1. Kindly indicate whether any position in segment 159-167 is among the aliphatic types (A, V, I, L, M), out of contact with any Gly (no Cβ under 8 Å at 6 or more places or on another chain), at pLDDT 95 or above and in a loop (DSSP other than H, G, I, E, B).
2. Given the conditions (1) modelled with pLDDT of 95 or more; (2) in a helix (DSSP H, G or I); (3) out of contact with any Cys (no Cβ under 9 Å at 6 or more places or on another chain); (4) surrounded by fewer than 22 Cβ atoms within 10 Å (Cβ to Cβ), which single one is not true for F152?
3. Mind listing whichever residues of segment 32-89 are modelled with pLDDT under 75, in a loop (DSSP other than H, G, I, E, B) and of a type in the set (D, E, K, R)?
4. When segment 98-136 is examined, which residues are found to be touching a strand residue (DSSP E or B) at 6+ places or on another chain (Cβ under 7 Å) and free of Cβ contacts under 8 Å to residues at least 24 places away in the same chain?
5. For segment 228-247, which positions are surrounded by fewer than 22 Cβ atoms within 10 Å (Cβ to Cβ) and under 13 Å from the mean Cα position of the chain (by Cα)?
6. Can you tell me how many residues within segment 134-149 are within 23 Å of R90 (Cα to Cα) and surrounded by fewer than 19 Cβ atoms within 10 Å (Cβ to Cβ)?
7. For segment 210-228, state whether one or more residues are free of Cβ contacts under 8 Å to residues at least 40 places away in the same chain and either touching a Gly at 6+ places or on another chain (Cβ under 8 Å) or within 24 Å of Y86 (Cβ to Cβ) (or both).
Amino acid sequence: MSEKTVRAANGVVSIFTGCLMAVLFLYGGYSLWDTWRIYHGAFVDDELMELKPVKGEDANPSLQDLQNINADVCAWLTIDDTGIDYPVVRGKDDMEYINKDVYGNFALSGSIFLSSANQPDFTDPYNLIYGHHMSNGAMFGDVVEFTDEAYFTAHETGTLYLPEETRSITIFACVEAEATDRRIYGYIAEPDTTGQMQELLSYVKEHAVQYRDIRVTGEDSVVALSTCAESATNGRVVLFGKLEKVSE
């Protein structure tokens, strides 16, 4: 092989190597940008935060403004001193908002959404809300923190804002469960009876990794916040709170 041929071959290799490095660099940069976009987009933007209801009001007219953006908005959920501070939507099924934000746009972080089996006005005795587990604490990332005793003890309250009223949330249990757990995920599809609700509450107390002994009975209204566990494919962490109407 002539020296000229060798130089030409080396030139081709150098160009190929340079192109490959450029592609890898661009791909790495895109991956970092995409990861930042996903995690940053999981937090409520300034426009939405301006529409968050004001605590202490009897009604929450700003939710009407949110419903003008998306008619599926049914509430705003806040768990005090955590990253859980989001509008709640309810879709036609439980897959609609898995990868769709409150504006209706595609988003891997999805939305915080009420089970489609529940009534959007939270008149059911048991109300199940889903959210993705984001490692930066966005969405329902902080739900898993409640498995820690100190965190559970330090975080007891929250608020559920509805269009016509506001309800307080008192956190009373944190349960580690499987996605197939019919007691937790199948109850809302069954007939509504006080006895069944009491059975669910007994089950929650028995299986809770953290529990706060407050007065909660089968006649009370309960909200459950469900997200994926960190260490198991089908694992879930579910936070339970008692709902009570805030006195006018």
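The values are calculated or read from the model by the stated rules, or taken from the named source; none is laboratory data. Since the model is a prediction, treat every value here as computed from it, not as a measurement. Note: ideal-geometry Cβ built from the backbone for every residue, glycine included; neighbour counts use all protein chains shown.
1. Yes, that holds for at least one residue.
2. (3)
3. Within segment 32-89, E57, D58 qualify.
4. Answer for segment 98-136, where residues must be touching a strand residue (DSSP E or B) at 6+ places or on another chain (Cβ under 7 Å) and free of Cβ contacts under 8 Å to residues at least 24 places away in the same chain: N99, K100, F106.
5. Scanning segment 228-247 gives C228, A229.
6. Final tally of qualifying residues: 1.
7. no
Residue-wise test of (1) touching a Ser or Thr at 6+ places or on another chain (Cβ under 8 Å); (2) among the β-branched types (V, I, T).
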| residue | (1), (2) |
| --- | --- |
| I184 | yes, yes |
| Q198 | yes, no |
| R215 | no, no |
| D220 | no, no |
